[in-house]
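Since the structure comes first, as structure tokens, the remarks are kept for the end.
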């Protein structure tokens with residue numbers, strides 16, 4: 001079958017490698033054929049390559065992403081105001097959901113004979129793309145904003161990419177790289193290859209819960225690429241007749257940088273850039289999201305919404321997740337749980353709703369100044385000190 | 001079936017909860033019944049609870065550990081001198097292999113009505129035990145050595161355990177906590193519950209490669225608990241008739257702190273404490289390993305060996321793993337790959353041997369001062385700068 005991409009909005013179709021943006025300006029996505037698709041035989045493959053029939057490439061590269069746990073987090077139900085499930089994307093090989101798209105993008109670039117891949121990223125995607133390029137023996141060019149912290153650059157540098165720190169507008173940088181006349185295959189956040197790979201998280205969630213689809217899926221949204229992918233997956237599975245209902249998609253942003261939520265609140269059809277303040281949720285702080293309008297469409301089309309939450313709620317959710325579910329997440333992931341709590345409080349979600357929050361990234365890549373309560377004691381005092389806290 | 005524990009060395013058997021050490025002084029392990037055990041039906045459960053029939057508890061708690069990828073790392077074959085497979089234990093919920101034992105230990109403690117669990121650890125185990133205690137709504141007491149870095153304590157503190165920083169001998173602290181008359185269930189590194197959970201990594205490796213068993217499994221060794229667990233699993237699967245051959249177990253240590261390798265080199269039957277120097281592989285720097293003699297027996301019994309490698313080889317292996325396999329590991333994990341390289345160079349492993357190296361922990365929890373080569377450029381120079389490196 002000839003590979004094509006198409007526009008979710010105007011419906012225009014193009015050859016797969018022709019372009020990454022539609023003539024109308026909106027992003028394109030990979031056309032798959034879900035007619036007749038069924039859940040793969042159990043146990044055949046339990047990572048993302050299980051869904052190769054719906055992907056533009058089928059050969060694995062590097063450590064296979066996916067197959068991440070979906071856990072029922074009963075101890076967070078009260079907090080979240082619903083029946084909460086957590087999808088643990090931080091357990092992917094480089095600690096974030098980005099590996100799914102990187103594996104597809106790097107595999108395709110290698111198959112097409114590229115020697116270089118590239119990406120524009122605040123951190124997770126640069127790390128992931130660099131790692132998969134290393135495993136495929138490709139060179140990797142990474143473009144990061146000037147304010148990227150040194151500790152994040154050090155993690156990326158372990159895989160030996162060529163790192164460019166760029167001074168200037170991030171949105172323009174992102175857009176520019178998609179049409180550079182240079183022999184580098186850019187696998188940016190909302191490009192067709194990456195979005196194709198990112199779809200697999202939704203396939204997994206919906207297969208893990210099958211035959212009953214959850215009432216809602218909540219996820220943090222930055223560029224809108226991941227929300228687009230989840231939407232695409234839901235449409236495909238619905239087309240294949242594998243869903244008893246279509247889950248509502250809730251896009252969650254940090255209030256300090258919430259262009260998509262702003263457009264949703266205003267009833268706008270398109271997303272426009274906002275002036276942003278700083279937020280603890282740095283990896284989703286995108287004031288000019290390239291797939292923002294598509295994410296907005298995903299929320300509206302499925303009966304969901306776009307919400308934003310203040311940083312204090314994000315910190316509170318991080319703490320709730322680590323002390324009640326035993327999971328360390330990055331702040332951006334906590335935005336999804338804070339968003340669910342907000343939606344429950346405002347009545348959009350109900351106590352008996354089954355809701356999946358996608359925890360997009362591990363909390364181990366950075367420090368968050370957690371307060372440590374520690375007693376320094378002598379070896380001979382261990383029994384007495386322990387007894388004193390246990391017996392109280 | 002009544003639950004029992006027994007001594008690998010003298011064969012004495014005890015009731016499960018009676019004690020954690022044999023009267024002969026050696027550690028005990030959980031007695032399972034592998035007769036008639038078969039690989040579970042594919043796809044039924046793809047995490048460690050898949051092997052519940054061979055575990056002392058069967059109900060999951062928290063995010064299920066296990067189901068980690070086993071990848072074929074062709075780009076490291078030359079480096080390793082054999083056909084190298086990597087088992088990615090850093091992809092467990094808290095980023096290390098310790099979660100398997102924590103899940104079993106915390107589940108059992110909760111079932112037995114304990115309100116407190118405890119552990120003595122340099123870092124990974126404290127983090128893991130704290131996380132699983134949080135998910136089970138148990139209190140957790142963590143004892144760490146005085147020199148534990150603040151950044152490691154911060155990760156642990158996210159799950160809100162009670163942290164005791166203890167001044168004094170780590171080996172004595174470890175041993176003391178196993179018999180404290182306090183109502184806290186200690187799930188230390190080589191206790192029967194933890195070793196039972198840790199077995200599952202070997203079940204997974206051997207099922208993932210079935211029907212052909214690998215020629216060897218190499219792993220970093222600290223207390224000896226994990227090596228004991230792998231040995232126990234191999235014995236069980238061999239007893240169940242599921243192995244076409246028994247893999248040789250290679251225990252790998254850092255040369256600066258290698259009591260088990262020292263005993264192996266000297267031909268000793270038991271391991272005695274050594275005076276240790278500092279090593280980059282901090283999480284396996286145990287100069288007085290409580291299951292050292294058991295780990296030594298595991299290596300000898302399977303026809304393997306115990307080796308140690310200098311820190312410069314560990315750093316080199318870390319770099320090889322991240323630039324050729326795309327995986328960030330902690331130094332202790334790189335010890336396994338450095339050990340494999342050493343074993344190939346000395347003829348113990350051959351080029352056509354299938355060897356699995358267990359990468360026990362993620363590299364994301366700490367900084368390792370990676371050199372970052374970065375060019376700071378202006379937005380308008382992106383095309384020119386990129387072209388200049390791609391075309392050379």
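Nothing in this text is a laboratory measurement; each read-out follows from the coordinates by a stated rule. These numbers were taken from a predicted model, which means no experiment stands behind them. Glycine gets a Cβ as well: all are built from the backbone with ideal geometry, and neighbour counts include every protein chain shown.
Some notes on this structure:
- Inter-chain Cβ neighbour count for A:318-325, averaged per residue, equals 5 (cutoff 10 Å, partner chain atoms only).
- Other copies of residue B:371: label-to-label distances in nm, shortest first, labels 7 Å along the beta-carbon direction: 4.3
- Note on chain A: GNM, Cα springs under 10 Å; of A:235, A:294, A:269, the largest mean-square fluctuation is that of A:269.
- Computed FRET value (nearest 0.05) for residue A:272 with residue A:178, which takes r as the C-beta separation and R₀ as 25 Å: 0.80
- Scaled to the globular estimate 2.2 N^0.38 Å, the Cα spread of region A:141-183, given as radius of gyration, is 1.23.
- GNM flexibility winner over chain B from B:260, B:377, B:321 (Cα, springs under 10 Å): B:377
- To the nearest ten degrees, helix A:192-209 and the longest principal axis of the Cα atoms of chain A are 50 degrees apart.
- Kirkwood-based Rg to Rh ratio, region B:123-231, C-alpha trace: 1.02
- Cα-based Rg and Dmax for the protein assembly as shown, where Dmax is the largest Cα-Cα distance (Å): 25.6, 79
- Hull volume in cubic angstrom per residue (convex hull over the Cα atoms of region B:263-316): 96
- Computed from Cα positions, the angle between helix A:98-111 and the longest principal axis of chain A comes to roughly 30 degrees.
- A crude spin-label estimate for the pair residue A:151 and residue B:212, with each label 7 Å from Cα along the Cβ direction, gives 4.4 nm.
- P(r) weight above 11 Å for region B:53-93, C-alpha pairs, percent: 72
- Seen against the Cα atoms of chain B and their longest principal axis, helix B:124-135 is set at about 70 degrees.
- Averaged over peptide A:382-388, the number of partner chain Cβ atoms lying within 10 Å of each residue's Cβ comes to 6.
- Inter-copy label distances at residue A:4, shortest first and taken from points set 7 Å along Cα to Cβ: 7.0 nm.
- Taking B:177, B:165, B:129 in turn, the Gaussian network model of chain B (Cα-Cα springs below 10 Å) assigns the largest fluctuation to B:165.
- Counting only Cα atoms, the size of chain A along its three principal axes is 72, 47, 46 Å, in decreasing order.
- Here the Kirkwood formula puts the hydrodynamic radius of region A:98-186 at 12.8 Å, using every distinct Cα pair.
- Remark: spin-label model distance residue B:389-residue B:351 equals 3.5 nm, labels positioned 7 Å along the Cα→Cβ axis.
- Taking label positions 7 Å along the Cα-Cβ direction at both residue A:2 and residue A:16, the computed distance is 1.3 nm, reported to one decimal.
- For residue B:74, inter-copy label distances in nm, listed shortest first [label point 7 Å out on the Cα-Cβ vector]: 4.7
- Taking the Kirkwood radius as Rh and the Cα radius of gyration as Rg, region A:186-274 has a ratio of Rg/Rh equal to 1.00.
- Taking N as its residue count, the alpha carbon Rg of region B:21-95 over 2.2 N^0.38 Å: 1.49
- Per-residue mean of C-beta atoms belonging to partner chains within 10 Å, peptide B:358-367: 4
- Long-range tail of P(r) for region A:1-142 (Cα pairs > 27 Å, %): 34
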